[in-house]
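Novice: Here it is: the structure, laid out below.
The values are calculated or read from the model by the stated rules, or taken from the named source; none is laboratory data. The structure presented is a predicted model; accordingly, all values stated were derived computationally and were not measured. Ideal geometry is used to build each Cβ from the backbone, glycine not excepted, and the neighbour counts take in all protein chains shown. The area values use the complete protein model at the heavy-atom level, side chains included, leaving out ligands, DNA and RNA. Shrake-Rupley method; radii C 1.70, N 1.55, O 1.52, S 1.80 Å.
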Amino acid sequence: MACITTPCRGFAGQHVFKVNPVVVEALKEHGRLVAEGKLEHSYPHSWRSKAPLIFRNTPQWFISMDTNDLRAKALKAIDETQWVPAQGRNRIHAMVESRPDWCVSRQRQWGVPITVFVSKKTGEVLRDAAVIERIATAVEEESSDTWISSDPARFLGNEYDADEWEQVQDVVEVWFDSGSSHAFVLEHRNDLKWPADLYLEGSDQHRGWFHTSLLESCGTRGRAPYEAVLTHGFVLDEKGRKMSKSLGNVVEPQKVINQSGADILRLWVVASDYSQDLSVGPNILKQMSDLYRRLRNTFRYLLGNLNGFEDSERVAVADMPELERWVMHRLWQMDKRIREACSTYDFHGLFNELHHFCAVELSAFYFDMRKDVVYCDAPDSLRRRAARTVLDTLYDCLVKWLAPFVCFTAEEVWLARNPSDDGSIHLQQFPDVPDDWRDDALADKWTKVRHLRRSVTAAIEQERAAKRIGSSLQAHPVVTAPADLLAACAGLDMADVCITSDITLIEGVPAEGAFVLDDVPEIGVVVNLSEGEKCSRCWKVLPDVGSHAHPDVCGRCSDAVESVTAG
(Lines give C-alpha, C1' and ligand atoms only; values in the text may rest on other atoms or scores of the structure.)
Protein backbone atom coordinates (compact mmCIF):
# COMPACT_ATOMS: atom_id res chain seq x y z
CA MET A 1 0.00 0.00 0.00
CA ALA A 2 1.36 3.44 -0.95
CA CYS A 3 1.48 5.71 2.11
CA ILE A 4 2.54 9.27 2.88
CA THR A 5 6.04 9.27 4.37
CA THR A 6 7.01 10.55 7.83
CA PRO A 7 8.32 14.05 6.86
CA CYS A 8 4.74 15.09 5.93
CA ARG A 9 3.61 16.08 9.45
CA GLY A 10 -0.07 15.40 10.03
CA PHE A 11 -0.49 13.15 7.03
CA ALA A 12 2.05 10.36 7.60
CA GLY A 13 0.76 6.83 7.24
CA GLN A 14 -2.32 7.74 5.22
CA HIS A 15 -3.00 6.19 1.82
CA VAL A 16 -1.71 8.45 -0.91
CA PHE A 17 -4.93 8.32 -2.97
CA LYS A 18 -7.24 8.75 0.08
CA VAL A 19 -5.43 11.66 1.73
CA ASN A 20 -6.33 14.23 -0.95
CA PRO A 21 -9.49 15.57 0.78
CA VAL A 22 -7.58 15.88 4.06
CA VAL A 23 -4.82 17.89 2.35
CA VAL A 24 -7.37 20.16 0.67
CA GLU A 25 -9.11 20.89 4.01
CA ALA A 26 -5.76 21.65 5.66
CA LEU A 27 -4.92 24.13 2.91
CA LYS A 28 -8.31 25.83 3.35
CA GLU A 29 -7.81 26.14 7.09
CA HIS A 30 -4.49 27.92 6.59
CA GLY A 31 -5.77 30.11 3.72
CA ARG A 32 -3.30 28.60 1.30
CA LEU A 33 -5.67 27.01 -1.24
CA VAL A 34 -5.69 28.92 -4.53
CA ALA A 35 -8.21 26.73 -6.34
CA GLU A 36 -9.69 23.25 -6.30
CA GLY A 37 -10.77 21.12 -9.24
CA LYS A 38 -10.57 17.73 -10.90
CA LEU A 39 -8.30 16.88 -13.83
CA GLU A 40 -8.56 13.88 -16.14
CA HIS A 41 -5.19 13.09 -17.69
CA SER A 42 -3.97 10.45 -20.13
CA TYR A 43 -1.33 8.89 -17.90
CA PRO A 44 -3.21 7.34 -14.98
CA HIS A 45 -0.97 4.26 -14.93
CA SER A 46 2.62 3.35 -15.69
CA TRP A 47 2.73 1.70 -19.13
CA ARG A 48 5.51 -0.61 -17.94
CA SER A 49 4.46 -1.68 -14.43
CA LYS A 50 0.71 -1.00 -14.89
CA ALA A 51 0.75 0.56 -11.38
CA PRO A 52 -1.12 3.82 -10.59
CA LEU A 53 0.96 6.94 -10.94
CA ILE A 54 1.63 9.40 -8.13
CA PHE A 55 2.23 12.98 -9.18
CA ARG A 56 4.30 15.29 -7.01
CA ASN A 57 5.69 18.78 -7.35
CA THR A 58 9.48 18.96 -7.12
CA PRO A 59 12.03 21.63 -8.07
CA GLN A 60 13.76 20.87 -11.38
CA TRP A 61 16.69 22.06 -13.47
CA PHE A 62 15.92 23.53 -16.87
CA ILE A 63 17.78 24.66 -19.97
CA SER A 64 16.04 27.66 -21.47
CA MET A 65 15.05 27.34 -25.12
CA ASP A 66 15.00 31.09 -25.71
CA THR A 67 17.34 32.91 -23.29
CA ASN A 68 20.43 32.18 -25.39
CA ASP A 69 18.55 31.55 -28.67
CA LEU A 70 18.78 27.76 -28.37
CA ARG A 71 15.44 27.33 -30.16
CA ALA A 72 16.47 29.59 -33.06
CA LYS A 73 19.84 27.81 -33.42
CA ALA A 74 18.15 24.40 -33.39
CA LEU A 75 15.55 25.38 -36.01
CA LYS A 76 18.32 26.75 -38.25
CA ALA A 77 20.32 23.53 -37.80
CA ILE A 78 17.27 21.45 -38.73
CA ASP A 79 16.98 23.31 -42.04
CA GLU A 80 20.69 22.75 -42.74
CA THR A 81 20.44 18.98 -42.17
CA GLN A 82 19.47 16.35 -44.75
CA TRP A 83 16.45 14.37 -43.47
CA VAL A 84 15.68 10.92 -44.89
CA PRO A 85 12.79 10.56 -45.53
CA ALA A 86 12.18 14.26 -46.08
CA GLN A 87 9.09 14.43 -43.83
CA GLY A 88 11.36 13.85 -40.83
CA ARG A 89 12.36 17.51 -41.07
CA ASN A 90 8.78 18.69 -40.58
CA ARG A 91 8.27 16.39 -37.63
CA ILE A 92 11.27 17.49 -35.58
CA HIS A 93 10.87 21.13 -36.67
CA ALA A 94 7.35 21.21 -35.21
CA MET A 95 8.57 19.59 -31.98
CA VAL A 96 11.40 22.09 -31.44
CA GLU A 97 9.30 25.07 -32.49
CA SER A 98 6.60 24.40 -29.90
CA ARG A 99 8.50 22.67 -27.10
CA PRO A 100 8.81 24.24 -23.60
CA ASP A 101 12.12 24.71 -21.81
CA TRP A 102 14.21 21.56 -21.49
CA CYS A 103 13.91 19.83 -18.10
CA VAL A 104 17.24 18.01 -17.59
CA SER A 105 16.92 16.78 -13.98
CA ARG A 106 15.49 13.62 -12.45
CA GLN A 107 15.07 12.46 -8.86
CA ARG A 108 16.39 8.91 -9.03
CA GLN A 109 18.88 6.76 -7.17
CA TRP A 110 20.85 6.03 -10.35
CA GLY A 111 22.26 8.21 -13.09
CA VAL A 112 24.90 10.86 -13.67
CA PRO A 113 24.68 13.45 -10.87
CA ILE A 114 24.15 17.15 -11.45
CA THR A 115 27.36 18.32 -9.76
CA VAL A 116 26.16 21.70 -8.48
CA PHE A 117 26.16 23.48 -5.12
CA VAL A 118 23.32 25.88 -4.21
CA SER A 119 23.45 28.54 -1.51
CA LYS A 120 21.12 27.70 1.38
CA LYS A 121 20.56 31.41 2.00
CA THR A 122 19.99 32.82 -1.49
CA GLY A 123 19.29 29.78 -3.65
CA GLU A 124 21.99 30.92 -6.09
CA VAL A 125 24.16 28.40 -7.89
CA LEU A 126 27.85 28.42 -6.96
CA ARG A 127 29.79 29.50 -10.05
CA ASP A 128 33.45 29.06 -9.15
CA ALA A 129 35.92 27.73 -11.72
CA ALA A 130 38.18 26.23 -9.05
CA VAL A 131 35.32 24.26 -7.48
CA ILE A 132 34.14 23.06 -10.89
CA GLU A 133 37.68 21.97 -11.80
CA ARG A 134 38.04 19.97 -8.57
CA ILE A 135 34.75 18.21 -9.25
CA ALA A 136 35.69 17.46 -12.88
CA THR A 137 39.11 16.07 -11.92
CA ALA A 138 37.62 13.81 -9.23
CA VAL A 139 34.92 12.49 -11.56
CA GLU A 140 37.43 11.85 -14.35
CA GLU A 141 39.72 9.90 -12.03
CA GLU A 142 37.15 8.10 -9.85
CA SER A 143 33.84 8.13 -11.80
CA SER A 144 30.72 10.13 -11.01
CA ASP A 145 30.09 8.06 -7.86
CA THR A 146 32.63 10.25 -6.10
CA TRP A 147 30.04 13.06 -5.99
CA ILE A 148 27.90 10.91 -3.72
CA SER A 149 30.63 9.24 -1.67
CA SER A 150 32.90 12.26 -1.01
CA ASP A 151 32.59 14.92 1.68
CA PRO A 152 31.32 18.14 0.03
CA ALA A 153 34.22 20.01 1.65
CA ARG A 154 36.56 18.15 -0.71
CA PHE A 155 35.11 20.08 -3.62
CA LEU A 156 34.33 23.38 -1.89
CA GLY A 157 37.84 23.75 -0.52
CA ASN A 158 38.83 26.27 2.11
CA GLU A 159 37.07 29.16 0.41
CA TYR A 160 33.54 28.00 1.29
CA ASP A 161 31.76 26.69 4.38
CA ALA A 162 30.13 23.37 3.54
CA ASP A 163 27.31 24.11 6.01
CA GLU A 164 26.21 27.07 3.89
CA TRP A 165 25.90 25.14 0.67
CA GLU A 166 23.45 22.41 -0.39
CA GLN A 167 24.87 19.64 -2.53
CA VAL A 168 22.37 18.84 -5.33
CA GLN A 169 21.38 15.18 -5.34
CA ASP A 170 19.41 15.19 -8.59
CA VAL A 171 20.69 13.30 -11.63
CA VAL A 172 20.76 14.30 -15.28
CA GLU A 173 18.00 12.81 -17.41
CA VAL A 174 19.31 9.93 -19.54
CA TRP A 175 18.35 11.66 -22.79
CA PHE A 176 20.82 14.42 -21.98
CA ASP A 177 23.48 11.71 -21.61
CA SER A 178 22.41 10.20 -24.92
CA GLY A 179 22.42 13.58 -26.64
CA SER A 180 26.00 14.16 -25.49
CA SER A 181 27.33 10.97 -27.09
CA HIS A 182 28.65 12.79 -30.16
CA ALA A 183 31.13 14.71 -28.02
CA PHE A 184 32.47 11.64 -26.25
CA VAL A 185 32.62 9.39 -29.31
CA LEU A 186 33.28 11.42 -32.44
CA GLU A 187 35.59 13.99 -30.88
CA HIS A 188 37.60 11.51 -28.82
CA ARG A 189 38.49 9.08 -31.63
CA ASN A 190 41.02 9.86 -34.32
CA ASP A 191 39.36 7.48 -36.79
CA LEU A 192 36.07 9.41 -36.65
CA LYS A 193 35.06 12.96 -37.48
CA TRP A 194 32.70 15.57 -36.06
CA PRO A 195 30.00 16.24 -37.13
CA ALA A 196 28.81 12.76 -38.05
CA ASP A 197 27.94 12.07 -41.68
CA LEU A 198 24.79 10.26 -40.59
CA TYR A 199 22.66 9.49 -37.55
CA LEU A 200 20.19 6.65 -38.04
CA GLU A 201 17.57 5.19 -35.73
CA GLY A 202 13.86 4.45 -35.51
CA SER A 203 11.28 7.12 -36.25
CA ASP A 204 10.53 7.53 -32.52
CA GLN A 205 13.94 9.18 -32.07
CA HIS A 206 12.74 12.51 -33.48
CA ARG A 207 11.68 13.21 -29.91
CA GLY A 208 14.56 11.18 -28.45
CA TRP A 209 18.19 10.84 -29.52
CA PHE A 210 17.97 13.03 -32.65
CA HIS A 211 16.23 15.72 -30.63
CA THR A 212 18.47 15.86 -27.57
CA SER A 213 21.64 15.52 -29.66
CA LEU A 214 20.47 18.51 -31.68
CA LEU A 215 19.77 20.66 -28.60
CA GLU A 216 22.94 19.70 -26.72
CA SER A 217 25.14 20.33 -29.78
CA CYS A 218 23.45 23.60 -30.76
CA GLY A 219 23.80 24.82 -27.18
CA THR A 220 27.52 23.99 -26.93
CA ARG A 221 28.73 24.11 -30.55
CA GLY A 222 26.16 26.20 -32.41
CA ARG A 223 25.15 23.53 -34.93
CA ALA A 224 23.77 19.97 -35.24
CA PRO A 225 26.19 17.09 -34.57
CA TYR A 226 25.16 15.42 -37.84
CA GLU A 227 25.05 16.21 -41.55
CA ALA A 228 22.13 13.86 -42.25
CA VAL A 229 19.53 11.92 -40.26
CA LEU A 230 17.86 8.73 -41.49
CA THR A 231 14.84 7.21 -39.77
CA HIS A 232 13.42 3.75 -40.31
CA GLY A 233 10.29 1.89 -39.35
CA PHE A 234 10.00 -1.06 -36.99
CA VAL A 235 10.08 -4.78 -37.69
CA LEU A 236 6.72 -6.56 -37.78
CA ASP A 237 5.70 -10.12 -38.58
CA GLU A 238 4.11 -11.10 -41.90
CA LYS A 239 0.65 -10.23 -40.57
CA GLY A 240 1.75 -6.72 -39.62
CA ARG A 241 1.84 -7.45 -35.89
CA LYS A 242 4.53 -6.21 -33.52
CA MET A 243 6.96 -8.99 -32.69
CA SER A 244 6.38 -10.42 -29.23
CA LYS A 245 7.70 -13.44 -27.37
CA SER A 246 4.23 -14.05 -25.98
CA LEU A 247 2.83 -14.27 -29.53
CA GLY A 248 5.72 -16.49 -30.61
CA ASN A 249 6.21 -14.45 -33.79
CA VAL A 250 9.78 -13.25 -33.24
CA VAL A 251 12.16 -13.87 -36.16
CA GLU A 252 15.63 -14.32 -34.69
CA PRO A 253 18.39 -13.04 -37.02
CA GLN A 254 20.85 -15.74 -35.94
CA LYS A 255 18.42 -18.50 -36.91
CA VAL A 256 17.95 -16.92 -40.35
CA ILE A 257 21.73 -16.67 -40.76
CA ASN A 258 22.24 -20.29 -39.68
CA GLN A 259 19.56 -21.53 -42.07
CA SER A 260 19.97 -19.29 -45.13
CA GLY A 261 23.14 -17.25 -44.67
CA ALA A 262 23.69 -13.63 -43.69
CA ASP A 263 23.31 -12.34 -47.25
CA ILE A 264 19.64 -13.36 -47.32
CA LEU A 265 19.01 -11.25 -44.22
CA ARG A 266 21.00 -8.35 -45.66
CA LEU A 267 19.07 -8.67 -48.91
CA TRP A 268 15.77 -8.43 -47.00
CA VAL A 269 16.97 -5.19 -45.40
CA VAL A 270 18.04 -3.55 -48.65
CA ALA A 271 14.97 -4.75 -50.57
CA SER A 272 12.58 -3.33 -47.95
CA ASP A 273 11.26 0.22 -47.87
CA TYR A 274 12.82 1.19 -44.54
CA SER A 275 10.83 4.44 -44.35
CA GLN A 276 7.81 2.26 -43.41
CA ASP A 277 7.47 -0.57 -40.90
CA LEU A 278 9.20 -3.71 -42.22
CA SER A 279 7.50 -7.11 -42.23
CA VAL A 280 9.53 -10.30 -42.07
CA GLY A 281 8.72 -13.99 -41.82
CA PRO A 282 9.31 -17.35 -43.54
CA ASN A 283 7.43 -16.49 -46.75
CA ILE A 284 9.15 -13.13 -47.14
CA LEU A 285 12.55 -14.69 -46.51
CA LYS A 286 11.77 -17.34 -49.12
CA GLN A 287 11.13 -14.53 -51.63
CA MET A 288 14.50 -13.06 -50.68
CA SER A 289 16.10 -16.45 -51.35
CA ASP A 290 14.61 -16.42 -54.84
CA LEU A 291 15.93 -12.90 -55.48
CA TYR A 292 19.32 -13.90 -54.17
CA ARG A 293 19.40 -16.94 -56.44
CA ARG A 294 18.90 -14.71 -59.50
CA LEU A 295 21.77 -12.47 -58.47
CA ARG A 296 23.99 -15.46 -57.80
CA ASN A 297 23.09 -16.97 -61.18
CA THR A 298 24.10 -13.70 -62.86
CA PHE A 299 27.55 -13.94 -61.27
CA ARG A 300 27.71 -17.63 -62.10
CA TYR A 301 27.08 -16.90 -65.79
CA LEU A 302 29.70 -14.15 -65.82
CA LEU A 303 32.36 -16.27 -64.11
CA GLY A 304 31.68 -19.25 -66.37
CA ASN A 305 31.95 -17.25 -69.58
CA LEU A 306 34.98 -15.19 -68.55
CA ASN A 307 37.22 -18.20 -68.01
CA GLY A 308 40.53 -17.47 -69.69
CA PHE A 309 39.68 -13.87 -70.56
CA GLU A 310 42.76 -11.70 -71.09
CA ASP A 311 43.30 -8.03 -71.85
CA SER A 312 44.48 -8.93 -75.34
CA GLU A 313 40.87 -9.89 -76.15
CA ARG A 314 39.52 -6.50 -75.12
CA VAL A 315 37.64 -4.44 -77.70
CA ALA A 316 37.28 -0.64 -77.53
CA VAL A 317 33.71 0.55 -76.97
CA ALA A 318 33.71 2.46 -80.26
CA ASP A 319 34.49 -0.78 -82.16
CA MET A 320 31.79 -2.87 -80.48
CA PRO A 321 28.54 -4.00 -82.15
CA GLU A 322 25.42 -2.00 -81.29
CA LEU A 323 24.14 -4.44 -78.70
CA GLU A 324 27.35 -4.26 -76.67
CA ARG A 325 27.38 -0.46 -76.89
CA TRP A 326 23.78 -0.49 -75.62
CA VAL A 327 24.91 -2.51 -72.56
CA MET A 328 27.72 -0.04 -71.92
CA HIS A 329 25.19 2.79 -72.10
CA ARG A 330 23.01 1.00 -69.56
CA LEU A 331 26.04 0.65 -67.27
CA TRP A 332 26.58 4.40 -67.54
CA GLN A 333 22.93 4.95 -66.56
CA MET A 334 23.17 2.47 -63.66
CA ASP A 335 26.34 4.14 -62.38
CA LYS A 336 24.58 7.52 -62.22
CA ARG A 337 21.56 5.98 -60.51
CA ILE A 338 23.67 4.12 -57.95
CA ARG A 339 25.70 7.18 -56.98
CA GLU A 340 22.53 9.26 -56.67
CA ALA A 341 20.80 6.55 -54.61
CA CYS A 342 23.77 6.23 -52.24
CA SER A 343 23.85 9.99 -51.65
CA THR A 344 20.11 10.05 -50.89
CA TYR A 345 20.02 6.67 -49.07
CA ASP A 346 17.45 5.32 -51.54
CA PHE A 347 18.63 1.72 -51.17
CA HIS A 348 15.18 0.20 -51.69
CA GLY A 349 14.80 1.84 -55.12
CA LEU A 350 18.42 1.13 -55.97
CA PHE A 351 18.13 -2.57 -55.25
CA ASN A 352 14.95 -2.89 -57.32
CA GLU A 353 16.77 -1.38 -60.29
CA LEU A 354 19.86 -3.55 -59.81
CA HIS A 355 17.74 -6.68 -59.55
CA HIS A 356 15.73 -5.74 -62.64
CA PHE A 357 18.95 -5.04 -64.53
CA CYS A 358 20.40 -8.45 -63.62
CA ALA A 359 17.23 -10.54 -63.99
CA VAL A 360 15.54 -8.88 -66.97
CA GLU A 361 17.99 -6.84 -69.02
CA LEU A 362 20.96 -9.17 -68.60
CA SER A 363 19.77 -12.72 -67.90
CA ALA A 364 16.55 -12.63 -69.93
CA PHE A 365 17.84 -10.40 -72.73
CA TYR A 366 21.56 -9.81 -73.25
CA PHE A 367 22.88 -13.10 -71.85
CA ASP A 368 20.14 -15.02 -73.63
CA MET A 369 20.98 -13.41 -76.95
CA ARG A 370 24.76 -13.58 -76.69
CA LYS A 371 25.02 -17.22 -75.56
CA ASP A 372 25.17 -18.26 -79.19
CA VAL A 373 27.98 -15.81 -79.96
CA VAL A 374 30.03 -16.68 -76.85
CA TYR A 375 29.58 -20.44 -77.33
CA CYS A 376 29.70 -20.78 -81.11
CA ASP A 377 31.62 -17.91 -82.73
CA ALA A 378 35.31 -18.36 -83.48
CA PRO A 379 37.42 -17.37 -80.44
CA ASP A 380 38.96 -14.41 -82.27
CA SER A 381 35.74 -13.08 -83.82
CA LEU A 382 34.99 -9.44 -83.12
CA ARG A 383 31.49 -10.24 -81.82
CA ARG A 384 32.77 -12.79 -79.33
CA ARG A 385 35.64 -10.63 -78.14
CA ALA A 386 33.30 -7.65 -77.75
CA ALA A 387 30.80 -9.77 -75.83
CA ARG A 388 33.49 -11.07 -73.47
CA THR A 389 34.77 -7.51 -72.98
CA VAL A 390 31.26 -6.47 -71.94
CA LEU A 391 30.96 -9.49 -69.63
CA ASP A 392 34.25 -8.51 -67.97
CA THR A 393 33.00 -4.95 -67.51
CA LEU A 394 29.67 -6.19 -66.14
CA TYR A 395 31.51 -8.40 -63.67
CA ASP A 396 33.65 -5.54 -62.40
CA CYS A 397 30.70 -3.17 -62.01
CA LEU A 398 28.20 -5.58 -60.49
CA VAL A 399 30.51 -7.18 -57.95
CA LYS A 400 31.53 -3.72 -56.66
CA TRP A 401 28.01 -2.27 -56.74
CA LEU A 402 26.50 -5.22 -54.88
CA ALA A 403 29.34 -5.67 -52.37
CA PRO A 404 27.74 -3.43 -49.69
CA PHE A 405 24.52 -5.46 -49.84
CA VAL A 406 25.51 -9.11 -50.38
CA CYS A 407 28.95 -8.77 -48.86
CA PHE A 408 29.82 -12.46 -48.48
CA THR A 409 28.69 -13.44 -51.96
CA ALA A 410 30.52 -10.48 -53.50
CA GLU A 411 33.70 -11.49 -51.67
CA GLU A 412 33.37 -15.03 -52.98
CA VAL A 413 32.82 -13.80 -56.54
CA TRP A 414 35.71 -11.33 -56.34
CA LEU A 415 38.23 -13.87 -55.03
CA ALA A 416 37.20 -16.33 -57.76
CA ARG A 417 38.92 -14.06 -60.31
CA ASN A 418 41.26 -12.17 -57.99
CA PRO A 419 42.70 -14.78 -55.62
CA SER A 420 44.74 -13.20 -52.83
CA ASP A 421 45.46 -13.76 -49.17
CA ASP A 422 44.93 -10.13 -48.28
CA GLY A 423 42.75 -8.89 -51.15
CA SER A 424 39.08 -8.13 -50.62
CA ILE A 425 36.24 -6.64 -52.64
CA HIS A 426 35.56 -4.43 -49.63
CA LEU A 427 38.87 -2.65 -50.19
CA GLN A 428 37.74 -1.61 -53.68
CA GLN A 429 35.98 1.58 -54.75
CA PHE A 430 33.02 1.80 -57.11
CA PRO A 431 34.22 1.62 -60.74
CA ASP A 432 34.81 4.78 -62.75
CA VAL A 433 32.32 4.76 -65.64
CA PRO A 434 33.32 7.22 -68.41
CA ASP A 435 30.76 9.57 -69.92
CA ASP A 436 31.61 8.44 -73.47
CA TRP A 437 29.71 5.20 -72.78
CA ARG A 438 26.55 7.26 -72.92
CA ASP A 439 24.54 6.95 -76.16
CA ASP A 440 20.96 8.20 -75.80
CA ALA A 441 20.13 7.79 -79.50
CA LEU A 442 21.23 4.15 -79.43
CA ALA A 443 19.17 3.57 -76.29
CA ASP A 444 16.05 4.97 -77.99
CA LYS A 445 16.68 2.76 -81.00
CA TRP A 446 17.05 -0.39 -78.92
CA THR A 447 13.88 0.42 -77.01
CA LYS A 448 12.05 -0.02 -80.33
CA VAL A 449 14.05 -3.15 -81.20
CA ARG A 450 13.13 -4.71 -77.85
CA HIS A 451 9.43 -3.91 -78.43
CA LEU A 452 9.57 -5.94 -81.64
CA ARG A 453 11.59 -8.72 -80.00
CA ARG A 454 9.08 -8.97 -77.15
CA SER A 455 6.23 -9.50 -79.61
CA VAL A 456 8.19 -12.21 -81.44
CA THR A 457 9.18 -13.96 -78.20
CA ALA A 458 5.59 -13.97 -76.93
CA ALA A 459 4.30 -15.38 -80.25
CA ILE A 460 6.89 -18.18 -80.15
CA GLU A 461 6.01 -18.99 -76.52
CA GLN A 462 2.38 -19.38 -77.58
CA GLU A 463 3.43 -21.85 -80.30
CA ARG A 464 5.62 -23.76 -77.85
CA ALA A 465 2.77 -23.96 -75.33
CA ALA A 466 0.59 -25.42 -78.09
CA LYS A 467 3.43 -27.89 -78.87
CA ARG A 468 3.56 -26.81 -82.52
CA ILE A 469 7.30 -26.11 -82.14
CA GLY A 470 9.97 -26.98 -79.60
CA SER A 471 12.94 -24.63 -79.48
CA SER A 472 12.69 -21.04 -80.70
CA LEU A 473 15.50 -21.96 -83.13
CA GLN A 474 12.96 -24.01 -85.09
CA ALA A 475 10.98 -20.86 -85.82
CA HIS A 476 10.92 -18.51 -88.79
CA PRO A 477 8.64 -15.68 -87.68
CA VAL A 478 7.12 -13.27 -90.21
CA VAL A 479 6.76 -9.87 -88.53
CA THR A 480 4.59 -7.00 -89.74
CA ALA A 481 5.43 -3.64 -88.15
CA PRO A 482 5.40 0.12 -88.82
CA ALA A 483 8.22 1.77 -90.77
CA ASP A 484 9.83 3.43 -87.72
CA LEU A 485 10.24 0.08 -85.95
CA LEU A 486 11.66 -1.56 -89.07
CA ALA A 487 14.06 1.36 -89.50
CA ALA A 488 15.32 0.76 -85.95
CA CYS A 489 16.00 -2.87 -86.86
CA ALA A 490 17.86 -2.03 -90.08
CA GLY A 491 21.39 -3.41 -90.15
CA LEU A 492 20.77 -5.80 -87.25
CA ASP A 493 20.64 -9.59 -87.46
CA MET A 494 17.10 -9.80 -86.09
CA ALA A 495 17.20 -13.60 -86.14
CA ASP A 496 20.01 -13.40 -83.57
CA VAL A 497 18.12 -10.73 -81.62
CA CYS A 498 14.97 -12.88 -81.45
CA ILE A 499 16.93 -16.16 -81.06
CA THR A 500 15.41 -17.74 -84.17
CA SER A 501 17.05 -19.37 -87.17
CA ASP A 502 15.48 -16.95 -89.64
CA ILE A 503 13.10 -13.98 -89.65
CA THR A 504 11.18 -11.88 -92.17
CA LEU A 505 10.23 -8.24 -91.51
CA ILE A 506 7.42 -6.59 -93.49
CA GLU A 507 6.17 -3.03 -93.29
CA GLY A 508 2.44 -2.77 -92.76
CA VAL A 509 -0.38 -3.54 -90.34
CA PRO A 510 -0.88 -6.94 -88.68
CA ALA A 511 -2.80 -9.44 -90.80
CA GLU A 512 -5.92 -11.11 -89.49
CA GLY A 513 -4.99 -14.07 -87.31
CA ALA A 514 -1.49 -12.76 -86.56
CA PHE A 515 -0.32 -12.79 -82.94
CA VAL A 516 -0.55 -9.31 -81.37
CA LEU A 517 0.35 -8.15 -77.86
CA ASP A 518 -2.30 -5.92 -76.29
CA ASP A 519 0.21 -3.19 -75.41
CA VAL A 520 1.99 -3.32 -78.82
CA PRO A 521 -0.99 -3.60 -81.25
CA GLU A 522 1.01 -2.30 -84.21
CA ILE A 523 3.21 -5.42 -84.38
CA GLY A 524 1.85 -8.69 -85.78
CA VAL A 525 3.69 -12.03 -85.79
CA VAL A 526 3.03 -15.26 -87.71
CA VAL A 527 5.33 -18.11 -86.66
CA ASN A 528 6.44 -20.53 -89.40
CA LEU A 529 8.93 -23.36 -89.25
CA SER A 530 12.46 -22.63 -90.40
CA GLU A 531 13.62 -24.52 -93.50
CA GLY A 532 16.77 -26.64 -93.51
CA GLU A 533 18.58 -28.97 -91.14
CA LYS A 534 19.61 -28.51 -87.53
CA CYS A 535 23.26 -27.57 -87.01
CA SER A 536 24.76 -30.02 -84.53
CA ARG A 537 26.89 -27.24 -83.04
CA CYS A 538 24.73 -24.11 -82.75
CA TRP A 539 21.32 -25.89 -83.16
CA LYS A 540 20.06 -23.38 -85.69
CA VAL A 541 17.91 -24.79 -88.49
CA LEU A 542 19.51 -23.55 -91.72
CA PRO A 543 19.51 -24.55 -95.41
CA ASP A 544 23.33 -24.75 -95.66
CA VAL A 545 23.87 -27.30 -92.89
CA GLY A 546 25.96 -30.21 -94.16
CA SER A 547 27.37 -28.42 -97.21
CA HIS A 548 30.67 -27.32 -95.67
CA ALA A 549 34.07 -28.82 -94.88
CA HIS A 550 32.89 -30.07 -91.51
CA PRO A 551 29.79 -32.29 -91.58
CA ASP A 552 26.45 -31.56 -89.90
CA VAL A 553 27.24 -27.88 -89.19
CA CYS A 554 26.40 -24.52 -90.72
CA GLY A 555 28.89 -22.25 -92.45
CA ARG A 556 29.57 -20.11 -89.38
CA CYS A 557 30.24 -23.16 -87.21
CA SER A 558 32.39 -24.83 -89.88
CA ASP A 559 34.62 -21.74 -90.02
CA ALA A 560 34.82 -21.61 -86.23
CA VAL A 561 35.83 -25.27 -86.01
CA GLU A 562 38.41 -24.68 -88.71
CA SER A 563 39.93 -21.73 -86.85
CA VAL A 564 40.17 -23.71 -83.61
CA THR A 565 41.69 -26.71 -85.39
CA ALA A 566 44.19 -24.52 -87.24
CA GLY A 567 45.12 -22.73 -84.01
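Novice: Kindly rank 261-272, 185-196, 67-78, 230-241 from highest to lowest mean number of other beta carbons found within 10 Å of each residue.
Specialist: 261-272, 67-78, 230-241, 185-196
Novice: State the label only: which of [x] 36.6, 123; [y] 28.1, 85; [z] 35.1, 125 corresponds to Rg and Dmax of the Cα atoms in Å computed from the shown model?
Specialist: [x]
Novice: So what is the accessible area of the chain per residue, in Å², with the probe set to 1.4 Å?
Specialist: 57
Novice: Using a 1.4 Å probe on the protein heavy atoms, what percent of the accessible area of the range 343-477 belongs to carbon and sulfur?
Specialist: About 50 percent, which is the carbon plus sulfur part of the accessible surface.
Novice: What FRET efficiency comes out for S46 versus D151 if R0 is 41 angstrom and r is the Cβ-Cβ distance? Round to the nearest 0.05.
Specialist: 0.65
Novice: Next up: Show the residues, 5+ positions off or on another chain, whose built amide H is closer than 5 Å to the amide H of H476.
Specialist: N528, L529, S530
Novice: Starting at the first residue of the range 497-504, write each ³J(HN,Hα) from the Karplus equation 6.51 cos²θ - 1.76 cosθ + 1.60 with θ = phi - 60°, in whole Hz, x for Gly and Pro.
Specialist: So the J values, rounded to whole Hz, are 4, 8, 6, 10, 7, 8, 7, 10.
Novice: Next up: Amide H of Y226: which non-local residues (sequence gap of 5 or more, or other chain) have their own amide H closer than 5 Å, using H built in the peptide plane?
Specialist: A196
Novice: For the residue pair A94 and Q60, what label-to-label distance in nm results when each label sits 7 Å from Cα along the Cα-to-beta-carbon direction?
Specialist: 2.2
Novice: Further, regarding this structure: Which FRET efficiency value, to the nearest 0.05, do you get for D79 and T565 by plugging their Cβ-Cβ distance into 1/(1 + (r/R0)^6) with R0 = 56 Å?
Specialist: 0.15
Novice: Express the carbon and sulfur contribution to the solvent-accessible surface of the range 39-149 as a percent, rounded to the nearest whole number, probe 1.4 angstrom.
Specialist: Answer for the range 39-149 is 53 percent, counting heavy atoms of protein chains only.
Novice: Given a Förster radius of 60 Å and the C-beta distance between V125 and E238 as r, what FRET efficiency does 1/(1 + (r/R0)^6) yield to the nearest 0.05?
Specialist: Efficiency, from the Cβ-Cβ distance: 0.60.
Novice: Charges on Cβ only, +1 for Lys and Arg, -1 for Asp and Glu, centred on the Cα centroid of the chain; of M369, H348, G532, which one is farthest towards the dipole's positive end?
Specialist: Comparing the listed Cα positions along the dipole, H348 ranks first.
Novice: Enumerate the amide H contacts of L505 below 5 Å, restricted to partners 5 or more residues apart or on another chain; note that Pro and chain-start residues carry no placed amide H.
Specialist: For L505, whose amide H was placed from the backbone, the distant partners under 5 Å are V479.
Novice: Would you mind calculating the gained length between Q287 and K336 on full extension (0.36 nm times residue separation, minus the Cα-Cα distance), in nm to one decimal?
Specialist: 14.8 nm
Novice: OK, next. Which one of C557, L265, Q169 has its Cα pushed farthest toward the positive end of the charge dipole of the chain, where Lys and Arg give +1 and Asp and Glu give -1 at the Cβ?
Specialist: Positive-most Cα among the choices belongs to Q169.
Novice: Can you give me the Cα centroid spacing of the range 271-303 and the range 158-186 in angstrom?
Specialist: Each part's Cα centre sits 49 Å from the other's.
Novice: Shifting gears a bit: How much accessible surface area, in Å² rounded to 10, belongs to the heavy atoms of C538 with a 1.4 Å probe?
Specialist: Approximately 10 Å² for this residue.
Novice: Under unit Cβ charges (Lys, Arg +1; Asp, Glu -1), what dipole magnitude, rounded to 20 debye, does the chain have relative to its Cα centre?
Specialist: Dipole magnitude for the chain comes out near 1980 debye.
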